[in-house]
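The structure appears below as structure tokens.
Where a number appears in this text, it was derived from the coordinates with a stated rule and is not lab data. What you are looking at is a predicted structure, and each value in this text was computed from that prediction instead of being measured. In this analysis, Cβ positions are derived from the backbone assuming ideal geometry, glycine residues included, and neighbour counts consider all displayed protein chains.
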Amino acid sequence: MPIRYTKEILPLLKSAGYNTTRLRREKILSESTIQALRDGKVVSIDNISRICAMLQCQPGDILEYVSDPPAE
């Protein structure tokens, strides 16, 4: 996938006071979204927006585009 995270999101959220228990209990992020973040899968733009609000950052601070290698 050409979009990937530049940083580990869950540790960043934890350092900002949002551990996974709080994320689930307060219904900030769903369990499937938390699991996708653990697996390094890109989540929806709504969730990216929510994460950026919690971390007070821009999407470009946590995501990057990496082009696919050319097909041979």
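Structure values in brief
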| read-out | value |
| --- | --- |
| Pairs with Cβ under 9 Å, 6+ apart, first in the stretch 54-72 and within 19 Å of Leu23 (Cα to Cα), second hydroxyl-bearing (Ser, Thr, Tyr) and in a loop (DSSP other than H, G, I, E, B) | Met54/Tyr18; Leu55/Tyr18; Ile62/Thr6 |
| Filtered residue count, the stretch 40-49, keeping only those that are more than 9 Å from the chain's Cα centre (by Cα) and within 19 Å of Ser15 (Cα to Cα) | 1 |
| Residues that are exposed (fewer than 13 other Cβ atoms within 10 Å of the Cβ) and either touching a strand residue (DSSP E or B) at 6+ places or on another chain (Cβ under 6 Å) or in a helix (DSSP H, G or I) (or both), drawn from the stretch 5-33 | Thr6, Pro11, Ser15, Thr21, Arg25, Glu31, Ser32 |
